[in-house]
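Working notes, structure below.
The values are calculated or read from the model by the stated rules, or taken from the named source; none is laboratory data. Just so we're clear, the structure is a prediction, and the values are computed from it rather than from any experiment. Using ideal geometry, Cβ is built from the backbone for each residue, glycine included, and neighbour counts are taken over all protein chains shown.
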Amino acid sequence: MPTSRYERNLRRAGFGAIAGVDEAGRGALFGPVFAAAVVLDPERQIRGLDDSKALEPERREALSERIRERACAWAVAAADAYEIDRWNILQASRLAMLRAVEQLAGRCDHLLIDAIRIDSPLPQTPLIHGDALSFSIAAASILAKVARDRALVEWGRVFPQYRLASNKGYSTPDHIEALDRYGPTMLHRFSFEPVRNRHPFEVWTGYPEPAPAQGELFACP
């Protein structure tokens, strides 16, 4: 179970506002990867914070509202499928996290991040399995997961044949069956092999290395 130990240690070290940062949806085949950053108020405790994956959906929803009400600051951001395909899922996750931190607009002075570092000048402490260790990271994981799940419910209305409201874009048997039958949408992640292999056409994967010069691209025969 997560605790406030890491936050307390950082406050004793002189930091005043510690933001937990986490992402949701890294392993999905469809849609953006979401991220959240949360600065919890040590004077307004929130009971029941845990890794979002360990919570039932109804509990996540209730905790999400409580976090938004009681946190000193919070933000949610995303990196879309096009960015995932361009940069890879790890870099897109880092980008979504950075966007969430930047939305806090100077309201934190240290980051507790689940497993990785981001391109921010702020001091950072990456924690392996941080959403199971730190209250702040657990809170961020809940906000990111709830925001992404809500988005997938909305996309499920646009693309009902993929059952996104129930599978949330992950590689479930019903999602794979829909990909086999209908092919991917423009919001699927073509850099993920299960999607790419089910496209009826060859997917462009970029210029070969070394890339041709501009003049070569448009030269007339």
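Numbers below:
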read-out: Per-region count, region 158-200, residues in contact with a helix residue (DSSP H, G or I) (Cβ under 7 Å, 6 or more places away or on another chain), part of a loop (DSSP other than H, G, I, E, B) and closer than 17 Å to TYR82 by Cα; value: 6
read-out: Single residue of region 159-194 satisfying the filter (aliphatic (A, V, I, L, M) and under 20 Å from the mean Cα position of the chain (by Cα)) that is farthest from ALA24 (Cα to Cα); value: MET186
read-out: Candidates SER93, SER134 - the one that is in contact with a helix residue (DSSP H, G or I) (Cβ under 6 Å, 6 or more places away or on another chain), buried (at least 20 other Cβ atoms within 10 Å of the Cβ) and of a type outside the set (A, V, I, L, M); value: SER134
read-out: For ILE84: the one exception among (1) in contact (Cβ under 8 Å) with a residue 40 or more places away in the chain; (2) more than 13 Å from SER136 (Cβ to Cβ); (3) touching a strand residue (DSSP E or B) at 6+ places or on another chain (Cβ under 6 Å); (4) not polar (S, T, N, Q); value: (3)
read-out: Matching residues, region 108-147, being in a loop (DSSP other than H, G, I, E, B) and among the hydroxyl-bearing types (Ser, Thr, Tyr); value: SER120
read-out: Leading residue by the ranking (farthest from ASP22 (Cα to Cα)) among those in region 126-179 that are acidic (Asp, Glu) and touching a residue at least 60 places away in the same chain (Cβ under 8 Å); value: ASP149
read-out: Test: ILE46 is assigned to a loop (DSSP other than H, G, I, E, B), more than 16 Å from LEU10 (Cβ to Cβ) and touching a strand residue (DSSP E or B) at 6+ places or on another chain (Cβ under 6 Å); value: no
read-out: Residue that is within 23 Å of ARG189 (Cα to Cα), modelled with pLDDT under 95 and in a helix (DSSP H, G or I), where the choices are ARG86, ARG99; value: ARG86
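Here is a yes/no grid of residues against (1) touching a strand residue (DSSP E or B) at 6+ places or on another chain (Cβ under 8 Å); (2) under 25 Å from SER166 (Cβ atoms):
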| position | (1), (2) |
| --- | --- |
| SER52 | yes, yes |
| GLU56 | no, yes |
| GLU69 | no, no |
| LEU90 | no, no |
| ALA96 | yes, yes |
| LEU111 | yes, no |
